[in-house]
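The values are calculated or read from the model by the stated rules, or taken from the named source; none is laboratory data. Keep in mind it's a predicted model, so treat the numbers as computed, not measured. Reconstructed Cβ throughout: ideal geometry from the backbone, glycine too, with neighbour counts over all protein chains shown.
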Number of protein chains: 2
Amino acid sequence: MTRILGVDPGTRVLGYGAVVRHANNRGLRFEYLECGVVRTPTGADMVERLGVIGRTLTEIIEELRPDELALEKAFHGRNAASALKLGQARGAIMLLAAQLGLPLAEYAPSQVKQVVVGHGRATKHDVQQRVRLMLRLRKEPSADAADALAIAMCHGSRGPSLVPVPSPGRARPKDRKVAR
Amino acid sequence: MTRILGVDPGTRVLGYGAVVRHANNRGLRFEYLECGVVRTPTGADMVERLGVIGRTLTEIIEELRPDELALEKAFHGRNAASALKLGQARGAIMLLAAQLGLPLAEYAPSQVKQVVVGHGRATKHDVQQRVRLMLRLRKEPSADAADALAIAMCHGSRGPSLVPVPSPGRARPKDRKVAR
């Protein structure tokens, strides 16, 4: 049993999603824990945004106690300026992982889609639908939160073949808005 | 009197340089404190590298007790992949600044060169020579450490006009190599 926190990094909106991976001789299933987004204050500078991300993720990690982190490594098709920004969000999360001693793995968006939807060119909505089905959620999580859950399951699906089995997940996406 | 730590970010080699800014009615002078480079372990993954950067910078900050941080914001002419890497180093440093409650300012390389050398197209060696003269060092610091000192002085030179006055600086560049 492994608790995995998936993170879809961004400096304005960051998606997070946590699952528990249960593996036995009948296969693998994922239990839903929590998902949501972290919104950073509009008009804030980068240090302030990353500070909010750092504090909120630390809080989430203290609550959900993941054993491992999984991060999306997307930057294809971006220009240098937006790659730099995304890098900053990723660097903050990576430093946090190092500080907290949590192992962190990275997955390309196509790998995540391959595992969750079955092919690498799935749309955001395909991912939301599949995540809802796999975790038996009552409603679809927001795109960023669904991505984060998909990243967590992509990480957890290495090893025994992926057999999504009913889990008593609740759809309770949290929207951690942080006041300036 | 303000203690300023300049940082030239990078994921393999990171330059740092600390000065004390003394301002009075005769002008502004900088006193040299320390400079050096942080080298991250060859072959290490990004989380490990950023962890080393985070721990070593925390140690440096605890020793040198800067009031303010200054960071170079360079990414022009880079492709998305190297901008992403540089962003990661910057994001880790920015999170650290937020965690430690230290104000952080950013300067483009051309601004730094303008202040230290007098024009924005100076070479690395021009910067090394000028930094040595301005801080009365016995020898030139390495390029990365000199850049970091130049960034710190660029930050400190806002306000009263820049008048480099003799300071009893010692050339004692530290090379913080961190064993894997």
Note to self: Condition first: loosely packed, with under 15 Cβ neighbours inside 10 Å and more than 14 Å from chain A (Cβ to nearest Cβ). Now tell me which residues in the stretch B:24-66 satisfy that.
What the structure shows: B:Asn24, B:Asn25, B:Arg26, B:Gly27, B:Thr42, B:Gly43, B:Glu62, B:Glu63, B:Arg65
Note to self: Exactly one condition in (1) under 30 Å from B:Pro103 (Cα atoms); (2) under 17 Å from the mean Cα position of the chain (by Cα) is false for A:Tyr32; which is it?
What the structure shows: (1)
Note to self: Which numbered condition in (1) modelled with pLDDT under 95; (2) assigned to a helix (DSSP H, G or I); (3) more than 18 Å from A:Arg29 (Cβ to Cβ) is the only one that A:Gln129 fails?
What the structure shows: (1)
Notebook entry, point to check: Among A:Gly43, A:Gly54, which is closer than 21 Å to B:Leu96 by Cα and in a helix (DSSP H, G or I)?
Noted result: A:Gly54
Item checked: Test: A:Thr58 is β-branched (Val, Ile, Thr) and at pLDDT below 95 -> no
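Taking the stretch B:67-81, which residues are among the aliphatic types (A, V, I, L, M) and buried (at least 23 other Cβ atoms within 10 Å of the Cβ)?
B:Leu69, B:Ala70, B:Leu71, listed by residue number.
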Next item on the list: Evaluate the stretch B:72-80: report whether one residue or more is more than 8 Å from chain A (Cβ to nearest Cβ), at pLDDT below 95 and assigned to a strand (DSSP E or B).
Entry: yes
Next item on the list: Would you mind stating whether A:Leu69 is within 12 Å of chain B (Cβ to nearest Cβ), within 19 Å of A:Ile53 (Cα to Cα) and assigned to a helix (DSSP H, G or I)?
Entry: no
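Working carefully through the options A:Leu95, A:Leu133, A:Leu100, A:Leu84, find the one that is under 30 Å from B:Leu71 (Cα atoms) and surrounded by fewer than 16 Cβ atoms within 10 Å (Cβ to Cβ). I'd like the intermediate steps shown before the answer.
Working: A:Leu95 fails: surrounded by fewer than 16 Cβ atoms within 10 Å (Cβ to Cβ); A:Leu133 fails: under 30 Å from B:Leu71 (Cα atoms); A:Leu84 fails: surrounded by fewer than 16 Cβ atoms within 10 Å (Cβ to Cβ).
Exactly one residue qualifies, and that residue is A:Leu100.
Could you grab me the full set of residues in the stretch A:1-14 that are surrounded by fewer than 19 Cβ atoms within 10 Å (Cβ to Cβ) and in contact with a Gly (Cβ under 7 Å, 6 or more places away or on another chain)? Give the derivation first.
Taking the stretch A:1-14 as the starting set, the residues that turn out to be surrounded by fewer than 19 Cβ atoms within 10 Å (Cβ to Cβ) are A:1-3, A:12-13.
Hit for the stretch A:1-14 is A:Thr2, nothing else.
Given the criteria over 30 Å from A:Leu50 (Cα atoms) and among the charged types (D, E, K, R), does B:Glu106 qualify?
Values: over 30 Å from A:Leu50 (Cα atoms): no; among the charged types (D, E, K, R): yes.
No.
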Note to self: Looking at the stretch A:100-123, I want the residues that are more than 16 Å from A:Leu149 (Cα to Cα) and have a partner that is among the small types (Gly, Ala, Ser) with Cβ atoms under 8 Å, at least 6 apart or on another chain. Which pairs are those?
What the structure shows: A:Pro103/A:Ala97; A:Gly120/A:Ser110; A:Arg121/A:Ser110
Next item on the list: Please give the number of the condition A:Gly17 fails out of (1) of a type in the set (Gly, Ala, Ser); (2) farther than 22 Å from B:Arg90 by Cβ; (3) surrounded by fewer than 17 Cβ atoms within 10 Å (Cβ to Cβ).
Entry: (3)
